[in-house]
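> Handing you this structure, nothing more for now.
The values are calculated or read from the model by the stated rules, or taken from the named source; none is laboratory data. Note that the structure is a prediction, hence the values are computed from the model and not measured. We place every Cβ from the backbone using ideal geometry, glycine too, and count neighbours over all the protein chains shown.
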Amino acid sequence: MQELTPWQLLPLPGATPAASYLTGPLAKQYRLIVDILDDERTHSLTGIGHDELEALVWARLPADDARELLDDLDLDARMRQLVDWGTCESWQDRAESQQDFLRNRHRYQLTEAGAAFNTAARRIEADLGATSTAVLLAPATIVTRISATLAAVDSEATERASQEFAQVQTTLDAMGAAASEWQSRLAAALGGAPSEQKVSRLLETILAYVEAWGSGVDAWTAEITAALPRLREVPSSTWRAMALARLGADAPETLLEGAVVEMRAAVDTLAIWFAGERPQARRLRLQIRDAVAPVLRSHRTLLAVGGTVSRKADLLRLAAAIEQADGDDEAWRLWCAATGLYSARHVTWETPDVSGGPQTSTWEAPPAAISRRLRTQGARALSGRATRIADTSQARAEARREAARVQADWERAGAALAARSGTPFSSWQPLGATEAEILLDLVSAARNGRADDGTSTGWSADGRWRLVLTPRPGSAVLTTPDGRLVLPDADVEFGA
């Protein structure tokens, strides 16, 4: 008997034979067969017959070479090997006629491991993008389903509560899968030397995150966090009743306990994702934000080493220095120092006699042909330093000053509106431009926030200012720099 090594005795995962078809010289043949079985799995739950499988393989091969490729495939041997690996399983149909004894009656179907490995291989090779459209509305969906779950718990409708919370778990799993995939892509793209593929992968990951969630997580985090205490207060008897609604009254006790643990674990996962000082959703957003700078830096590195380093800035700087030189001698000295084109120096006694050489002057010689590529790319070089980044410090400083002026104007306008709080519209004096802009946005928002008592409440887009309007008889005219605004009179409460 072969002696076992300590590694073989170690209780750790080892080889998985069901994935053997993905490697080796015949991987294309095996993957073609497994792809066909995987595609047909959604159409047939009783496997695919040998003759049907051969016809499907024929249909996927190029028409001109199908016969030659199929003869070289040796389908019987390939299927026996897939069955031995545990990628497929096979059985024989029952013979119902004498002819059935003479034909191959095997039927094939992927095992669970084979289907899982083939799905993973397809997913790895697929183009990157958003993992699923489910993550687009994941935070809002979680808020809605949690509210429905708590409402069902309050009304003791445990079956409906179980159904609603199942949707919370499914959506949370989709969010976790998307986040895990994004983090894996970030780690792979940020490691090692930059390449065009890594930069593209990193940019696609950032865009996929922005398109899928953006600020959606931040918009719904407060409501999810507020609902967590109520979920944790749900008694054990209610969780057990929800598990019974899922599994039925005949389910064994171990399955019921496992379902209760699963649902409570989903509540803990929600807390990890959205609650606390550093929730997982915020950490992922910070990781995506921090990946923007490496994208720009890697892109610039690729430009510097990819044969597109422009020397235009250096040539323009040299031209400016020559133009500002004191004279021709100084200009020539600068040119020689920059290019290294000094006059040739010869030792006379070692120089051969060239008096009998060509006598054609440079001015009289025919012009030399210059290729189009040299004319269009002459300002570029394969080596050298990259072009200097344009100095935008003054523009940035001016932008900061302008932003400060705008912010000060908004603060002044907000303070002016706050001073008018508690008075009706009909008593207001003319408004400034910024005051009118803030007020019009709040009035528009208040129209959608009308309460049963007739009052209207509106919040600014940044959530800082709040406007409450209490209707009064009559109308009011507000004067703004752009004209007059006529609206129903109301008592105004304005504040932060």
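> Would a scan of the range 468-475 turn up a residue that is within 35 Å of the chain's Cα centre (by Cα) and surrounded by 14 or more Cβ atoms within 10 Å (Cβ to Cβ)?
Filtering the range 468-475 for residues within 35 Å of the chain's Cα centre (by Cα) gives none.
Within the range 468-475, not a single residue is within 35 Å of the chain's Cα centre (by Cα) and surrounded by 14 or more Cβ atoms within 10 Å (Cβ to Cβ).
> Take Leu45 and tell me if it is touching a residue at least 40 places away in the same chain (Cβ under 8 Å) and surrounded by fewer than 16 Cβ atoms within 10 Å (Cβ to Cβ). It would help to see each step written out before you state the result.
Numbers: touching a residue at least 40 places away in the same chain (Cβ under 8 Å): no; surrounded by fewer than 16 Cβ atoms within 10 Å (Cβ to Cβ): yes.
Criteria not met by Leu45.
> Being in a helix (DSSP H, G or I) and touching a residue at least 12 places away in the same chain (Cβ under 8 Å) is the requirement here; does Gln8 meet it? Steps first, please.
Numbers: in a helix (DSSP H, G or I): yes; touching a residue at least 12 places away in the same chain (Cβ under 8 Å): no.
Judged against the criteria, Gln8 is not a match.
> Filter the range 428-443 down to the residues that are surrounded by 11 or more Cβ atoms within 10 Å (Cβ to Cβ) and of a type outside the set (A, V, I, L, M, F, W, C), then identify the one that is farthest from Ala496 (Cα to Cα).
In this case the residue turns out to be Pro430.
> Still on this model: Among (1) part of a strand (DSSP E or B); (2) under 37 Å from the mean Cα position of the chain (by Cα); (3) not β-branched (Val, Ile, Thr), there is one condition Leu478 misses while meeting the rest; what is its number?
Every listed condition holds for Leu478 apart from (2).
> Moving on. Quick one: would you say Arg67 is under 11 Å from Ile33 (Cα atoms) and surrounded by fewer than 15 Cβ atoms within 10 Å (Cβ to Cβ)?
Judged against the criteria, Arg67 is not a match.
> Does at least one position in the range 179-191 carry a residue that is modelled with pLDDT under 85, assigned to a helix (DSSP H, G or I), within 21 Å of Gly276 (Cα to Cα) and not polar (S, T, N, Q)?
yes
> Still on this model: Within the set of pairs 6 or more residues apart or between chains, which connect a residue that is among the aromatic types (Phe, Trp, Tyr) inside the range 454-477 to a residue that is assigned to a loop (DSSP other than H, G, I, E, B) and surrounded by 11 or more Cβ atoms within 10 Å (Cβ to Cβ) with Cβ atoms less than 9 Å apart?
From residues that are among the aromatic types (Phe, Trp, Tyr), the pairs are Trp459/Gly449; Trp459/Trp465.
> On to the next question. Of all residues being closer than 18 Å to Arg80 by Cβ and under 32 Å from the mean Cα position of the chain (by Cα) in the range 2-21, which is surrounded by the most Cβ atoms within 10 Å (Cβ to Cβ)? Just the residue, please. Full working, then the answer.
Of all residues in the range 2-21, those closer than 18 Å to Arg80 by Cβ come to 17-21.
Subsequent filtering for residues that are under 32 Å from the mean Cα position of the chain (by Cα) retains 18-21.
On the way: Ala18: 21, Ala19: 18, Ser20: 18, Tyr21: 24.
If we take residues in the range 2-21 being closer than 18 Å to Arg80 by Cβ and under 32 Å from the mean Cα position of the chain (by Cα), then Tyr21 is surrounded by the most Cβ atoms within 10 Å (Cβ to Cβ).
> Determine whether Val443 is outside the structural domain of Trp459 (by TED's automatic domain parsing) and β-branched (Val, Ile, Thr).
Criteria not met by Val443.
> Within the range 402-423, work out how many residues are crowded, with 16+ Cβ neighbours inside 10 Å and either of a type in the set (Asp, Glu) or in contact with a Lys or Arg (Cβ under 6 Å, 6 or more places away or on another chain) (or both).
So the answer is 0.
> Just for the range 290-345: of the residues that are modelled with pLDDT under 75, assigned to a helix (DSSP H, G or I) and charged (D, E, K, R), which one is surrounded by the fewest Cβ atoms within 10 Å (Cβ to Cβ)?
Looking at the filtered set, the residue picked out is Lys312.
> In addition: Go over the candidates Arg396, Arg464, Arg400 one by one and state the one that is assigned to a loop (DSSP other than H, G, I, E, B), on the phi < 0 side of the Ramachandran plot and under 34 Å from the mean Cα position of the chain (by Cα).
Numbers: Arg396 fails: assigned to a loop (DSSP other than H, G, I, E, B); Arg400 fails: assigned to a loop (DSSP other than H, G, I, E, B).
Criteria check complete, one pass: Arg464.
> Also, quick follow-up: Only one of Ala281, Ala265 is more than 16 Å from Thr221 (Cβ to Cβ) and in the same structural domain as Arg145 (by TED's automatic domain parsing); which? Talk me through it step by step, then tell me what you get.
Working: Ala281 fails: more than 16 Å from Thr221 (Cβ to Cβ).
That would be Ala265, the only listed residue that is more than 16 Å from Thr221 (Cβ to Cβ) and in the same structural domain as Arg145 (by TED's automatic domain parsing).
> Filter the range 346-379 down to the residues that are of a type in the set (A, V, I, L, M, F, W, C), within 29 Å of Ala320 (Cα to Cα) and at pLDDT below 75 and list them by number.
If the condition is that a residue be of a type in the set (A, V, I, L, M, F, W, C), within 29 Å of Ala320 (Cα to Cα) and at pLDDT below 75, then Leu374, Ala379 are the ones that fit.
> From (1) within 39 Å of the chain's Cα centre (by Cα); (2) modelled with pLDDT of 85 or more, pick out the condition that doesn't hold for Gly432.
For Gly432, the exception is condition (1).
> Across the range 11-68, what is the number of residues that are part of a loop (DSSP other than H, G, I, E, B) and either of a type outside the set (A, V, I, L, M) or in contact with a Cys (Cβ under 7 Å, 6 or more places away or on another chain) (or both)?
16
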